[in-house]
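Working notes, beginning with the structure itself.
The values are calculated or read from the model by the stated rules, or taken from the named source; none is laboratory data. Fair warning: this is a prediction, and the values are worked out from it, not measured in the lab. Note that we place each Cβ from the backbone using ideal geometry, even for glycine, and neighbour counts take in every protein chain shown.
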């Protein structure tokens, strides 16, 4: 995924930029960077954050920087922000998104005069550098950003900082959020709105899909109007979003309570657990919602040990992520032995970690383990935000089960598996339940997920659940 933050102020803003970027650390795991502009021109620092947190890596850099404007990012992949010199002038740029037609766009740039790109490890082109190159094909920055929005297959939200101000552009379909905060002497631009509250900013506006704004120390100017059509990622509320954030006016934590409550309503009296628990940390709020609605006690039968273990999806190797996930969770056997547990996780992707968690609960004395994922079955790998590292749809447990049952399948057959009222859907869930050794399994329904969020369903991206773009 990744997160971005920027500031334009009437005084030095370096420290605010530092803390604003740091508040996006939950969105990326590999690279981070900040760039400021002031009397000394552009200054930049980029570091690898795989084995050390953002603040530790950047404290010394920030002490030596000074500027009234700045942009920064937490990134899962490419080093950024990048600094560019072009016929449009000098600028710094940072992006969040996913480009599915990289090869096509690189060829397009080569055909029109570019001779090279900086090569990253693995022979990849830096996606942010590619976006900068495409912007520079046009006669103005705004025209260049619009061009990028039209030709990128995937998603692309960005900030571009010149010596005079910052351009903020939300993805053409609004798949990721971008908001502006304001206080007396400054504006900020942020992926996560909560990132600026403790810095003294108030909500100013949320950019619409495809909207481009130009921000200076005195004003925010809309230079390209928002579009009507929107497909914001529904998984932001389920998993990626920080609990104190809101997207399109809907708070993440409250949505997760709604989600858990709807799961409990669907269950009714069909299960009678002794305790309701959430897989730390992404399932906890959903579990609280379930417990509040059902009247069943909420408890923490295992605790995440976080002082030394990084997030489980950080390493690139699945086996290493599985080991870290296992090492982090420590059982509270007094809350597990002879208990019927209902466990909520944000999702089931490959199934490996949740199966191991279930086995470890049985080994700790649990009588029953009922599983309630907080989203519908994932049938398609994400095309837009890289929320899963799955390189193939066959990495998904659902698709492996379907292939075992059907062999190669058509889109029409997959639509049946996405329908919670179909026989194929029921058989898929039973196969997953048996394979994972759950006592029972009920996924959140897509219609209930949309109701949990509470905005018009046609404005939500649900591709990973139903394949609809």
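Within the set of pairs 6 or more residues apart or between chains, which connect a residue that is on the phi > 0 side of the Ramachandran plot inside segment 90-110 to a residue that is in a strand (DSSP E or B) and surrounded by fewer than 21 Cβ atoms within 10 Å (Cβ to Cβ) with Cβ atoms less than 8 Å apart?
Hits for this filter: 97/154.
Looking at (1) surrounded by fewer than 17 Cβ atoms within 10 Å (Cβ to Cβ); (2) outside any loop (DSSP other than H, G, I, E, B), find the lone condition where residue 189 falls short.
It is condition (1) that residue 189 fails.
Just checking, which of 174, 210 is over 15 Å from residue 246 (Cα atoms) and assigned to a loop (DSSP other than H, G, I, E, B)?
Result of the check over 174, 210: 210.
When segment 1-24 is examined, which residues are found to be part of a loop (DSSP other than H, G, I, E, B), under 19 Å from the mean Cα position of the chain (by Cα) and at pLDDT 95 or above?
23, 24
Could you tell me whether residue 367 is in contact with a strand residue (DSSP E or B) (Cβ under 7 Å, 6 or more places away or on another chain) and at negative phi?
Yes; evaluated as a whole, the condition is true for this residue.
One line per residue, one yes/no per condition, for (1) over 19 Å from the mean Cα position of the chain (by Cα); (2) at pLDDT below 95; (3) in the same structural domain as residue 12 (by TED's automatic domain parsing):
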site: 55; (1), (2), (3): yes, yes, yes
site: 69; (1), (2), (3): yes, no, yes
site: 90; (1), (2), (3): yes, no, yes
site: 94; (1), (2), (3): no, no, yes
site: 97; (1), (2), (3): no, yes, yes
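Does residue 159 satisfy the criteria of being more than 22 Å from residue 85 (Cβ to Cβ) and either in contact (Cβ under 8 Å) with a residue 12 or more places away in the chain or part of a helix (DSSP H, G or I) (or both)?
no
What are the residues in segment 213-230 that are out of contact with any helix residue (DSSP H, G or I) (no Cβ under 7 Å at 6 or more places or on another chain) and either part of a loop (DSSP other than H, G, I, E, B) or within 15 Å of residue 171 (Cβ to Cβ) (or both), if any?
Matches in segment 213-230: 213, 216, 217, 218, 219, 225, 226, 227, 228, 229.
Might you check whether a residue that is buried (at least 19 other Cβ atoms within 10 Å of the Cβ) and in a loop (DSSP other than H, G, I, E, B) occurs anywhere in segment 421-433?
Within segment 421-433 (the criterion being buried (at least 19 other Cβ atoms within 10 Å of the Cβ) and in a loop (DSSP other than H, G, I, E, B)), the answer is no, since none of the residues qualifies.
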